[in-house]
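**Q** Structure incoming, see below.
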Amino acid sequence: MSADTKRRPAGRPRKDQVQSYEERQAWVREYNQRPEVIERRRAYQRAYYPQYHKERRARETPEEREDRLAYNRFYLAQRRAEETPEEREDRLAKARAWYHAKRAKETPEEREIRRAKRRAAYHRRKKMKQ
């Protein structure tokens, strides 16, 4: 066999062509920070996440739901107890900005629906107290 027709054996490439573990991790980190990769992953999450959680919550029992909500309350209280006054201000400012942006976009019909839901919830709570 001549040198130009000699074929490399199948399988793992030569040692000098293999990335080290650290090099591979660095490449993956860099790859995941690319804007097109971030956008693709976010688009997937936007499409998949609501559907998955809607199905998951439909399957959960009332006890599981109560456990989940209790854990969420506990976790949120824990996080808020640990946050600094600056972090609290930032969180509240961000929430206010989101709230006002959302209200600025809503149509009169959406506003009326939102207000009707709020009135209904108020009357349900009032009824439960009696």
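**Q** Report Rg (one decimal) and Dmax (nearest whole number) for segment 57-130, counting Cα atoms only, units Å.
**A** 17.1, 41
**Q** Using the heavy atoms of the protein chains and a 1.4 angstrom probe, tell me the accessible area per residue for the chain in square angstrom.
**A** Here the per-residue accessible area is 100 Å².
**Q** I need the P(r) histogram for segment 19-82: all alpha carbon pairs, bin width 10 Å from 0 out to the longest distance, whole percents.
**A** In order of increasing distance, the bins hold 17, 22, 26, 27, 7, 0 percent.
**Q** Computing the accessible area with a 1.4 Å probe over protein heavy atoms, can you report the carbon and sulfur percentage for the chain? The partial results should precede the final answer.
**A** Numbers: 7010 of 13030 Å².
Percent of accessible area from carbon and sulfur atoms in the chain: 54.
**Q** If you line up the long axis of helix 62-82 against the longest principal axis of the chain, both from Cα atoms, how many degrees apart are they, to the nearest 10?
**A** With both axes taken from Cα atoms, the answer is about 80 degrees.
**Q** What do you get for the angle between helix 35-59 and the principal long axis of the chain? Use alpha-carbon atoms, 0 to 90 degrees, nearest ten.
**A** Roughly 50 degrees, rounded to the nearest 10.
**Q** Can you show me the helix-derived [θ] at 222 nm for the chain, built from DSSP H runs with n ≥ 4 at -39,500 (n - 2.57) apiece and divided by the number of residues, rounded to the nearest 500.
**A** Mean residue ellipticity at 222 nm (helix-derived): -27000 deg cm²/dmol.
**Q** So what's the chain giving for Rg/Rh, alpha carbon basis, Kirkwood Rh from the mean inverse pair distance?
**A** Using only Cα positions, Rg/Rh for the chain is 1.22.
**Q** Sticking with this structure for a sec: Compute the length gained on full extension between Glu23 and Ala120: take 0.36 nm times their separation in residues and subtract their Cα-Cα distance, giving the result in nm to one decimal.
**A** Taking 0.36 nm per residue and subtracting the Cα distance, the gain is 29.1 nm.
The values are calculated or read from the model by the stated rules, or taken from the named source; none is laboratory data. For clarity, every value in this text was computed on a predicted model and none was experimentally measured. The area values use the complete protein model at the heavy-atom level, side chains included, leaving out ligands, DNA and RNA. Shrake-Rupley method; radii C 1.70, N 1.55, O 1.52, S 1.80 Å.
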